[in-house]
Amino acid sequence: MSELVGRLEALISEARDAGELAELAEALTVAAREAARAVDRSSSESDVELHCGMVGESEAMQRVYSLIERVAPSDVPVLVYGETGTGKELVARALHQRSPRAKGPLLALNCAAVSPNLIESELFGHKRGSFTGAVSDRDGHFVAASGGTLFLDEIGDMPLDMQAKLLRALEERVVRPVGSAKSIPVDIRLVAATNRDLAELVEENTFRSDLYYRLNVVTIQLPALRERAGDVALLARFLLGRVSREVAGAPRSLSPEALELLETYPWPGNVRQLENELRRAAALSDGVIGPEDLSPEIQAARHRSAEDG
Ligand SMILES: Nc1ncnc2c1ncn2[C@@H]1O[C@H](COP(=O)(O)OP(=O)(O)OP(=O)(O)O)[C@@H](O)[C@H]1O
Ligand SMILES: [Mg+2]
């Protein structure tokens, strides 16, 4: 494309008269029309059907979609289990969007990413001056998500003392901001996610059993990518369409050999890892992605499957 622009610039500067310029304008119109058609084609190539905002037709995923459809309309808390990169955040978004709260806010807090001494203020808010750095009153996520959905990611990493406070907020539907004497009523639907076994954490006394029972009403178990028969090809096509838009030049496609490697690899990092792999491969190749454009560990999947077979 930049090559074309350069050529056109040269032609325009050399054009001697209005007739030549008119010819150039005509050529440009034709080129623009062709480019538009190519974009159309590339977006329909990655036009994979979405279910609840997700890609995948496997039986394991069909069960997930049907569970989302069934529980989204109510206010029951939902606990989403799944390995890293399986799409837990997408499930939270789907539950919100398919609920009567869809027009309300969706707020997310990653319990593992917030320092333990700040998590209470993040969730419940604080009054100005209640601790160093609290320079003004601030709403917490519970208040900000009122009328909508609160997504607590990595709930297994919530400190024990906060677990007690969270349970109280859920049961009494009020929160008290740090440094405040007044409680504020809140109205949220809770979706929590974890990649850890909460029942095991309860056994180890690092997760409160009363909170566990409160959260463990409806659970959605997201299958690992290696358990979704047939979905790697669909996801690869969809994600390649997405990452192709980030790189210059023509949209990328996958050679059958590369696709076979992707389907053989076990994907410990699940969909996120697949997306990053495709982003890398798209940046390395400028047309068809072949086996040589894939990471060594994925290329090695071929030898392993050859040995197995
Ligand atoms: N079924 C799917 N269809 C399309 N994209 C997906 C699907 N599942 C996951 N993704 C994409 O994969 C990436 C990871 O998904 P997400 O962040 O929801 O995973 P996660 O389970 O929350 O991961 P982590 O445990 O690491 O937080 C995102 O870019 C998301 O859009
Ligand atoms: Mg996540």
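The values are calculated or read from the model by the stated rules, or taken from the named source; none is laboratory data. Keep in mind that what you see is a predicted model, and the values were worked out from it rather than measured. So basically every Cβ, Gly included, is an ideal-geometry build from the backbone, and we count neighbours across all protein chains shown.
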Inside the stretch 111-123, can you point out the residues that are within 16 Å of ligand 1 (Cβ to nearest atom) and out of contact with any helix residue (DSSP H, G or I) (no Cβ under 7 Å at 6 or more places or on another chain)? Ala113
Flagged in the stretch 125-166 as part of a helix (DSSP H, G or I) and more than 21 Å from His96 (Cα to Cα), in numbering order, are Gly156, Asp157, Leu160, Asp161, Met162, Gln163, Ala164, Lys165
Counting only helices (runs of 4 or more DSSP H) entirely within the stretch 182-276, those with at least 3 residues that are modelled with pLDDT under 95 and buried (at least 17 other Cβ atoms within 10 Å of the Cβ) are 231-244
If you go through the stretch 244-263 one residue at a time, do you hit one that is within 19 Å of the chain's Cα centre (by Cα), basic (Lys, Arg) and within 19 Å of Ser58 (Cβ to Cβ)? no
Taking the options Val91, Val78, Val71, name whichever one is within 16 Å of ligand 2 (Cβ to nearest atom), under 22 Å from Asp197 (Cβ atoms) and more than 16 Å from the chain's Cα centre (by Cα). Val78
Which of (1) within 16 Å of ligand 2 (Cβ to nearest atom); (2) farther than 15 Å from Ile119 by Cβ is the odd one out, the single condition Val174 does not satisfy? (1)
Index of the failed condition, Ala181 passing every other in (1) among the small types (Gly, Ala, Ser); (2) free of Cβ contacts under 8 Å to residues at least 60 places away in the same chain; (3) within 16 Å of ligand 1 (Cβ to nearest atom): (3)
Can you tell me which residues in the stretch 117-131 are touching a residue at least 24 places away in the same chain (Cβ under 8 Å) and acidic (Asp, Glu)? Glu120
Only residues that are assigned to a loop (DSSP other than H, G, I, E, B), within 10 Å of ligand 1 (Cβ to nearest atom) and of a type in the set (Val, Ile, Thr): list them for the stretch 61-110, please. Thr84, Thr86
Looking at (1) under 25 Å from Val175 (Cβ atoms); (2) within 12 Å of ligand 1 (Cβ to nearest atom), can you tell me which one His126 breaks? (2)
Working only within the stretch 53-67, note down all residues that are within 16 Å of ligand 2 (Cβ to nearest atom) and closer than 30 Å to Ala250 by Cα. Gly53, Met54
